[in-house]
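This report refers to the structure that appears directly beneath it.
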Amino acid sequence: MIRLEGVTKKYLGRPDAALKDINLLVPPGEFVYLTGPSGAGKTTLLRLLFGAELPTSGRVLVGGTDLGRLPPRKLPLLRRRLGVVFQDFRLLPQQSVFENVALSLHVAGVRDAALVRRVLEVLAQVKLLEQSDVPAGTLSGGEQQRVALARALAPSPGLILADEPTGNLDPDNALMIMRMLVGDYVGGATVLVATHDPTLLSLVKGAKVIHLSSGRLEERS
């Protein structure tokens with residue numbers, strides 16, 4: 001599902017590379033924790049995986065597609081197969097909670113009754129059904145994170161990338177979010193969760209843990 005071959009990422013004006021000669025293989029249906037301190041390169045790695053950035057050198061392959069060779073016009077097609085939970089939510093603040101979640105289904109080609117049914121289902125799972133008509137921008141940070149997760153999971157993607165998905169949540173809501181991610185993993189999705197919270201690592205038996213430190217990668221399990 002995911003393959004990185006000798007990936008290095010450098011930014012103009014920065015003396016050190018954000019990622020340094022990363023090699024990584026994540027087979028389909030695996031659950032992976034990506035750990036490391038702030039600034040270690042976790043978000044950069046995730047941005048490479050959904051095509052927001054290209055590597056300075058090396059290859060990034062997702063589902064067999066080399067993102068460095070993918071024409072920009074085909075990138076939206078690739079992203080339809082991904083569910084991405086961003087650290088900064090990326091919601092449409094003036095649109096309702098329902099509309100934000102529905103957008104990912106609309107892009108995936110889901111329409112009418114099937115769309116409504118699925119949106120209501122995932123909103124119930126994240127305990128936001130009663131807020132479905134509320135503008136997303138008026139919610140608390142934790143609630144917005146739950147909307148972002150519902151939006152990512154609604155199309156039942158084959159690959160889920162989550163950047164600190166529990167960072168703004170209390171322990172009960174964090175556990176709920178992780179249970180949803182585990183549920184999709186059990187259903188066959190490949191899941192990669194970037195986190196600095198060590199308490200999450202024991203929630204998925206058999207999960208692989210990889211650690212980033214100063215842009216370098218080491219596998220821990």
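The values are calculated or read from the model by the stated rules, or taken from the named source; none is laboratory data. Remember, it's a predicted structure, so these values are computed and weren't measured experimentally. All Cβ positions, even for glycine, are placed from backbone atoms using ideal geometry, and neighbour counts span all protein chains on display.
Some notes on this structure:
- Among the residues of the stretch 1-23, the ones that are at pLDDT below 95 and assigned to a strand (DSSP E or B) come to 0 in all.
- Residue match in the stretch 204-211 (condition: in a helix (DSSP H, G or I) and touching a strand residue (DSSP E or B) at 6+ places or on another chain (Cβ under 6 Å)): no
- Test: residue 70 is touching a residue at least 24 places away in the same chain (Cβ under 8 Å) and of a type outside the set (Ser, Thr, Tyr): no
- Of the residues 152, 136, 102, the single one that is surrounded by 14 or more Cβ atoms within 10 Å (Cβ to Cβ) and under 21 Å from residue 191 (Cβ atoms) is 152.
- Set 105, 92: member being outside any helix (DSSP H, G or I) and under 28 Å from residue 140 (Cβ atoms): 92
- When 114, 124 are checked against the criterion of being part of a helix (DSSP H, G or I), without any contact (Cβ under 8 Å) to a residue 40 or more places away in the chain and surrounded by 13 or more Cβ atoms within 10 Å (Cβ to Cβ), 124 stands alone in meeting it.
- Within the stretch 27-82, the residues that satisfy the criterion of being buried (at least 16 other Cβ atoms within 10 Å of the Cβ) and in a loop (DSSP other than H, G, I, E, B) are 30, 36, 40, 41, 50, 51, 53, 55, 67, 70.
- Given (1) under 20 Å from residue 80 (Cα atoms); (2) out of contact with any Gly (no Cβ under 6 Å at 6 or more places or on another chain); (3) not in a loop (DSSP other than H, G, I, E, B), number of the condition residue 156 does not satisfy: (3)
- The residue list 161, 128 contains one member that is within 17 Å of the chain's Cα centre (by Cα) and on the phi < 0 side of the Ramachandran plot, which is 161.
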